[in-house]
């Protein structure tokens with residue numbers, strides 16, 4: 001069977017399974033997740049053994065330490081996967097929840113009820129834990145899922161798929177509700193992106209190159225974000241201490257993630273006081289600064305920023321810094337260079353806080369808090385399957401609700417239209 | 001300037017205008033709609049004169065009476081457009097409404113706020129009133145809109161565009177917030193579908209061919225429905241009188257629309273009593289019946305249905321009829337042949353009503369009411385810009401809310417992530 005045929009068969013089976021999963025009770029879905037969770041712990045040895053094959057191959061191929069780190073499934077990673085599933089069990093089931101109900105003048109009662117989307121295709125890089133996370137969330141939201149992790153994680157994902165499917169079978173749920181594509185060949189991704197008859201949504205997670213490839217080759221709707229060029233604007237009314245803590249946190253706490261700050265905008269009225277203090281802290285943390293001319297005047301150690309710096313998602317201990325003469329200039333800079341991901345203001349002015357919240361177009365806009373809070377868990381969604389920076393269907397972190405849609409239900413007593 | 005360049009310029013201007021329109025107050029938007037409404041009445045003569053050019057051309061081209069009817073802008077049509085805008089003025093502004101707000105354990109207050117989508121491209125057939133309807137709804141929801149009606153309505157749409165833009169200018173809103181593509185050439189549609197840098201959403205309205213063309217050629221997300229193959233299932237527990245009224249209404253009241261019934265499914269226990277009575281009423285209304293073998297036994301005048309009949313969207317006084325031996329069979333038939341548009345059951349049984357609502361996958365599922373109620377106005381959305389039968393973003397009738405998305409807003413007091 002060709003790669004295309006294999007993927008096609010998988011997708012058709014998923015579509016069939018989706019019709020079963022969409023009406024499962026919450027109890028049944030939780031029972032399956034609980035079984036997967038227990039099996040992960042019980043089969044830890046087997047999982048690590050298969051993972052070792054991937055790791056050996058990765059070392060042979062000379063993959064970077066960071067990649068090997070993400071690929072590694074240790075006991076701690078297994079425990080974290082198992083606990084992650086228990087967290088998902090604890091989350092409310094979005095399916096069947098009524099988002100609104102009202103009565104029409106003719107007596108019709110009209111409501112909107114959450115229903116699953118159908119079949120979701122997840123495409124991600126070589127992080128085996130993503131296989132369990134994604135399967136757990138998709139199943140809880142009543143969807144079937146087709147999983148395609150990086151080919152470097154092929155053996156790890158294959159054993160995880162076996163565990164998931166055994167748990168599904170024991171719970172009486174079709175195994176095709178969660179499938180890992182059993183083909184290493186990268187053509188499998190193209191084949192998956194062509195199944196627009198049976199797959200309802202594609203969610204890619206990974207670097208910009210992966211996401212661009214998926215977006216450009218998919219005939220199925222894609223929810224994604226390309227990159228996070230996140231700004232903090234320190235207003236002239238900002239408390240300097242608060243601005244310092246927030247800026248430090250947003251840049252340093254975990255620089256390699258999409259909600260880390262990449263550009264700091266500072267109002268000229270506070271630029272000197274704030275930047276001198278901030279520069280010391282950033283220097284201690286090893287942050288390289290690339291500044292506009294005014295910034296470089298205040299901080300002689302800063303490099304001159306180029307236009308590329310304003311567009312950069314460094315994902316590293318590097319920060320672009322710009323002194324602005326007004327809030328207008330800050331908002332314009334964000335409109336031009338921002339990626340609609342996460343934007344924050346530090347201010348003590350009521351009107352400016354309101355204006356920033358209203359005028360800045362980003363999936364998450366914050367006042368007096370770190371950009372690092374753009375995360376499904378941190379914002380209270382319970383868990384997150386990704387972040388969307390496109391506006392259709394979901395904008396911002398996507399939790400269980402974003403893996404559903406609503407249908408209208410109408411309760412009548414014989415009403416006809418006149 | 002080439003067609004592509006013209007459309008490209010329009011789209012870029014729309015994107016710029018969208019950044020202004022998205023933060024306009026409700027009062028300002030309503031003022032613009034009110035001005036358009038008044039100008040329509042004041043310039044009725046001019047509108048009809050331009051429309052007459054289109055009509056003369058349409059007659060020359062030998063367009064069907066139905067098409068010429070839809071193309072005609074009479075005084076009544078002008079009044080209805082003006083009143084339609086007043087209705088939109090009366091609807092609540094979705095922008096800025098908070099769909100939820102909660103407090104996190106660390107004191108962060110997190111909310112979701114409705115915001116406009118950006119730039120919407122509307123592609124429709126030769127119905128000039130759609131130009132006003134679509135412009136009104138898109139503007140009220142804070143979006144810029146690019147309108148492309150059928151080329152047969154070119155002169156009518158051009159004069160309507162002038163009126164809209166005059167009203168915008170007088171209100172102090174950029175004219176590019178609502179533009180009609182000033183090119184008759186059909187290549188303009190292809191050009192519009194390629195503006196994925198500046199246009200956020202395409203909504204096509206019209207026949208299946210138009211919608212397929214748009215879907216297959218668009219690089220921009222499309223919200224649409226292909227067709228409405230709507231069923232009514234008359235359960236064995238149905239009140240025969242109610243089933244008769246609902247079935248008659250769903251087929252006869254307006255057969256040419258997407259929410260009219262196309263297939264009637266009848267439980268065998270009530271088939272004879274119900275169908276004999278129903279056949280008389282349908283015969284009086286001139287409805288042609290195409291039945292399964294059992295139907296043809298009961299109603300000898302019925303033609304034999306073929307597999308094509310179960311898939312047909314007749315949009316006419318033709319009805320496919322099938323006798324089923326169980327509710328399971330009805331639900332399976334709908335799953336196989338339905339178009340996820342509108343499905344109804346007539347029953348007096350509580351459990352069956354619940355099961356139908358839960359298991360049937362359609363944008364609107366009704367109990368004891370006519371399929372004709374799948375309509376934004378009828379369901380209480382106030383107005384409708386289309387019906388979506390795809391699940392992403394919107395499923396079912398799309399009103400003002402569906403022309404928006406939500407962003408997260410976060411109110412902090414200096415919170416950082418640990």
Report task. Report, for the stretch A:14-167, the % of DSSP beta bridges that are antiparallel, rounded to 5. Result -> 50
Report summary line: Length-normalised contact order of the stretch B:135-231, Cα under 8 Å, at least 6 apart, in percent, tallies to 22
Report task. Take every DSSP beta bridge whose two residues both sit in chain B, then give the antiparallel share in percent to the nearest 5. Result -> 30
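Taking the convex hull of the Cα atoms, report for the stretch B:218-310 its projected area averaged over all directions, in nm².
Numbers: hull surface 29.7 nm².
Over every viewing direction, the Cα hull of the stretch B:218-310 projects on average to 7.4 nm².
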Query raised in the report: Which values, in whole Å and largest first, are the semi-axes of the equivalent ellipsoid of the stretch B:230-378 obtained as the square root of 5 times each eigenvalue of the Cα gyration tensor?
Result: 20, 17, 15
Requested in this report: Restricting to the protein assembly as shown, compute how many DSSP beta bridges are antiparallel as a %, nearest 5.
Outcome: 25
Requested in this report: Quote the Stokes-Einstein diffusion coefficient, in whole µm² s⁻¹, for the stretch A:346-418, based on the Kirkwood radius over alpha carbon pairs, a temperature of 4 °C and a viscosity of 1.567 mPa s.
Outcome: 85
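Wrap a convex hull around the Cα atoms of the stretch B:1-141, take a quarter of its surface area, and give that in square nanometres.
Numbers: hull surface 48.3 nm².
Average of the hull's projected areas for the stretch B:1-141 equals 12.1 nm².
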Query raised in the report: What per residue convex hull volume, in Å³, do the alpha-carbon atoms of the stretch B:113-180 yield?
Result: 72
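What is the diffusion coefficient of the stretch A:269-356 in µm²/s, taking the Kirkwood radius over Cα pairs and the Stokes-Einstein relation at 20 °C with a viscosity of 1.002 mPa s? Numbers along the way, then the final one.
Values: Rh = 14.0 Å.
Value of D from the Cα-based Kirkwood radius: 153 µm²/s.
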Report task. Please give the calculated 222 nm ellipticity per residue for chain A, where each DSSP H segment of at least 4 residues contributes -39500 (n - 2.57) and the sum is spread over every residue; nearest 500 deg cm²/dmol? Result -> -14000 deg cm²/dmol
Query raised in the report: Going by how many other beta carbons lie within 10 Å of each one, how would you line up A:196, B:69, fewest first?
Result: B:69, A:196
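Rounded to two decimals, what is the ratio between the C-alpha radius of gyration of the stretch B:8-91 and 2.2 N^0.38 Å? Could the numbers behind the result be given before it?
Working: Rg = 16.6 Å, N = 84, 2.2 N^0.38 = 11.8 Å.
Expressed relative to 2.2 N^0.38 Å, the Cα Rg reads 1.40.
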Report task. Considering Cα pairs under 8 angstrom that are at least six residues apart, work out the relative contact order of chain A and quote it in whole percent. Result -> 18
Report task. Could you list the square roots of 5 times each eigenvalue of the Cα gyration tensor of chain B, that is, the equivalent ellipsoid semi-axes, sorted largest first and rounded to whole Å? Result -> 41, 29, 18
Report summary line: Rounded to the nearest 10 degrees, the helix B:240-252 long axis (Cα) sits at an angle to the longest Cα principal axis of chain B of 50
Report task. At 4 °C and 1.567 mPa s, grab the translational diffusion coefficient of the stretch B:186-272 from Stokes-Einstein with a Kirkwood Rh over Cα pairs, rounded to a whole number in µm² per second. Result -> 82
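Averaged over peptide A:388-395, how many Cβ atoms belonging to another chain are found within 10 Å of each residue's Cβ? Could the numbers behind the result be given before it?
Values: counts 1, 0, 3, 12, 12, 6, 4, 7.
So the per-residue partner count for this stretch is 6.
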Query raised in the report: To the nearest 10 degrees, how steep is helix B:154-171 against the longest Cα principal axis of chain B, on a 0 to 90 scale?
Result: 50
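Averaged over B:110-120, how many beta carbons belonging to a partner chain fall within 10 Å of each residue's beta carbon? Numbers along the way, then the final one.
Working: counts 8, 2, 3, 3, 0, 5, 2, 3, 3, 0, 0.
The per-residue average across the peptide is 3.
Sorting B:28, B:251 on the 10 Å Cβ count, fewest up front, what's the list? Present the calculation step by step, with values, prior to reporting the outcome.
Details: B:28 13, B:251 29.
Final ranking by Cβ density, sparse to dense: B:28, B:251.
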Requested in this report: Starting from the Cα coordinates of the stretch A:97-148, work out the convex hull volume and express it per residue in Å³.
Outcome: 79
Query raised in the report: So what is log10(I(q)/I(0)) for the stretch A:317-360 at q = 0.31 1/Å, when the Debye sum runs over its Cα atoms only?
Result: -1.35
Report summary line: the stretch A:230-378: relative contact order from alpha carbon pairs under 8 Å, six or more residues apart, as a whole percent, is 33
Requested in this report: Round to the nearest 10 and give me the degree value, 0 to 90, for the angle of helix A:128-140's Cα axis relative to the longest principal axis of chain A.
Outcome: 70
**Report entry** For q = 0.29 Å⁻¹, Debye-computed log10 I/I(0) when each Cα of the stretch A:6-45 counts as one equal scatterer
**Finding:** -0.84
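Averaged over peptide A:37-49, how many Cβ atoms belonging to another chain are found within 10 Å of each residue's Cβ? Kindly include the intermediate steps, with their values, before the conclusion.
Details: counts 0, 0, 0, 0, 0, 0, 0, 0, 0, 0, 0, 0, 0.
Taking the mean over all residues of the peptide, I get 0.
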**Report entry** residue A:276-residue B:12 FRET efficiency (beta carbon distance; Förster radius 56 Å; 0.05 resolution)
**Finding:** 0.85
Query - Rotation relating B and A, chain A residue nearest the axis via C-beta, angstrom - result: A:393, 2
Query raised in the report: On the first, second and third principal axes, largest extent first, how far apart are the outermost C-alpha atoms of the protein assembly as shown in Å?
Result: 91, 71, 46
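Where a number appears in this text, it was derived from the coordinates with a stated rule and is not lab data. Treat the numbers as computed from the prediction; the structure is a model and nothing was measured. In this analysis, Cβ positions are derived from the backbone assuming ideal geometry, glycine residues included, and neighbour counts consider all displayed protein chains.
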